[in-house]
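These notes are about the structure you will find just below.
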Amino acid sequence: MTVRTTTLDNGLRIITDDIPGIATAALGLWVEVGARNEPENINGISHFLEHMAFKGTTTRSALQIVESIENVGGHLNAYTSKENTAYHARILAQDIPLALELIADIIQNSIFEGNEIERERGVILQEIGQAMDTPDDIIFDYFQNTAFSGQPLGRPILGPPDIVRSLSRDDLMGYMNKEYTAERMVFAAAGGVDHDQIVDLCRNRFSNLLTHPTKEYEKAAYKGGHFYEKRDLEQVHLLVGFESYSYSDPESYPLAIYASLLGGGMSSRLFQEVREKRGLVYSISAFNSPFRDTGVFSIYAGTGPEKVKELLPTVKGVLEDFPGTLEEGEIARSKAQLKAGLLMGLERTSARCEKLAQHMMIYNRSIPYQEIIEKVDAVTKEDIIAVATRLIAGDPTFAVLGPGGDVRWA
């Protein structure tokens, strides 16, 4: 494994991971632009823009884009998050120039044709409708909006239907021209790749990227609070969470172990106490959602309306009892799970590529896997207890969706 980086004159950062003996490659362009970059009146435009990138350029129709990649057995896709938008591909190593050229084309030469905009607007509205009909999906939007109310970080990635209906071609082009600059981009590739070839291709294909200054995202201010929506469902879906730590905070390592100990697997405390011993839920999980400047630690569960009143004090009791009952054996088990997951990810080029891009955007360097493992191993029992104690001492965010009456965390 050989990781190399290069920054072009226009500011585009390139990072590659050459894996000997691999005949395929994962590659893509990550843009540090997502839902939290959007003004409120165009919330959802980052996601709309991601959809439109595949709908035709000055050199290819929408059909030609997908045929070009599928003719050689490759896959081209994209996603939008709160802070990033990614355009990525899986391809045979010999077809890297084609995949890279396609990504460069859709980023620099999309035409946003009117009929395509209207068709894709309908697709996105269907996507929003599907999310609204999926309670264990939309509850996360309600939770995020409660934790960061009135802020970009709290707004939905898909955007509200009324704004999606109103977005115009000028809105899309203006937003892309304003936000999609070379300094905000990382091109990452992993697998059977040659760094020098990737650099030469990027230098030639990404020569038209914009390079003007851009506005910084609005800093997040966690607020917490309570959300409830009554809905005719079979289950009550609920999320409880607390402000946590950003990607780069040193406390993120003990926090990752804490999340694993609480709800990271079938041996975790919440799973054992809430599901195995009491049968209150089918699924329950704990996880951290980090961002550039903050984070939210959350617990999700779905249960019958008749079991909510038992579920909430049970979960609360697990959290409160944790600091005084933590054992070295379960810490070792959670560390092993984290390290195994990390090392197993090395077997997938797409996971390596994603990690390369994320590291460059957050730290502006690739963090060696051994360094991560050493930081996990260095976490002590006292570190985990300190994180657990600080989290639950903060103001909670609580979101509830489902039948029955309103219920409260505290």
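Only the coordinates and a few stated rules stand behind these numbers; no lab work does. Because the structure is a prediction, the values reported are computed rather than measured. Cβ atoms come from the backbone with ideal geometry, glycine included; neighbour counts cover every protein chain shown.
Listing for the model above:
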| read-out | value |
| --- | --- |
| Near-label residues of region 327-349 by backbone N, under 16 Å of a point 7 Å along Cα→Cβ of Y369 | 336-349 |
| Computed E for N109/S289 - FRET, C-beta separation, R0 41 angstrom, nearest 0.05 | 0.75 |
| Angle between the chain longest axis and helix 252-263 axis [Cα atoms, degrees, rounded to 10] | 60 degrees |
| About the Cα centre, charge dipole magnitude for region 152-194 (Lys/Arg +1, Asp/Glu -1 at Cβ), debye | 160 debye |
| For region 248-288, the spread of Cα positions along each principal axis, largest first, Å | 37, 12, 10 |
| Virtual spin-label span in nm between E234 and D162, 7 Å along Cα→Cβ | 3.4 nm |
| Magnitude of the charge dipole, region 130-288, Cβ model with Lys/Arg +1 and Asp/Glu -1, debye to 20 | 200 debye |
| Charge dipole of the chain about the Cα centre (unit charges at C-beta), most positive-ward option of G11, C202, I117 | G11 |
| Highest-first arrangement of 380-389, 396-405, where packing means the average Cβ count within 10 Å | 396-405, 380-389 |
| Most positive-pole-ward Cα, Y369, M266, M185, against dipole of the chain from beta carbon charges | M266 |
| Computed helical MRE - 222 nm, the chain, DSSP H runs ≥ 4 contributing -39500 (n - 2.57), nearest 500 | -13500 deg cm²/dmol |
| Cβ-derived FRET efficiency at R0 41 Å, L92 paired with E327, nearest 0.05 | 0.25 |
| Between 0 and 90°, nearest 10: helix 169-179 axis offset from the chain longest Cα axis | 80 degrees |
| Peptide ranges 311-324, 5-18, 254-267 listed from the most packed, as the mean C-beta count within 10 angstrom indicates | 254-267, 5-18, 311-324 |
| Inter-label distance, nm, simple model (7 Å from Cα along the C-beta direction), N177/K381 | 6.3 nm |
| M132 versus D406: modelled label distance in nm, points set 7 Å from Cα along the beta carbon direction | 2.3 nm |
| For volume of the Cα convex hull per residue in Å³, calculated from these coordinates, the label among (i) 144; (ii) 157; (iii) 135 | (i) |
| Fluctuation leader among A35, A188, A23 - the chain, Gaussian network, Cα springs under 10 angstrom | A23 |
| Gyration tensor over alpha-carbon atoms, region 45-142, equivalent ellipsoid semi-axes in Å | 26, 17, 12 |
| FRET efficiency, 1/(1 + (r/R0)^6) with R0 56 Å, evaluated for I392 and Q64 via beta carbons | 0.55 |
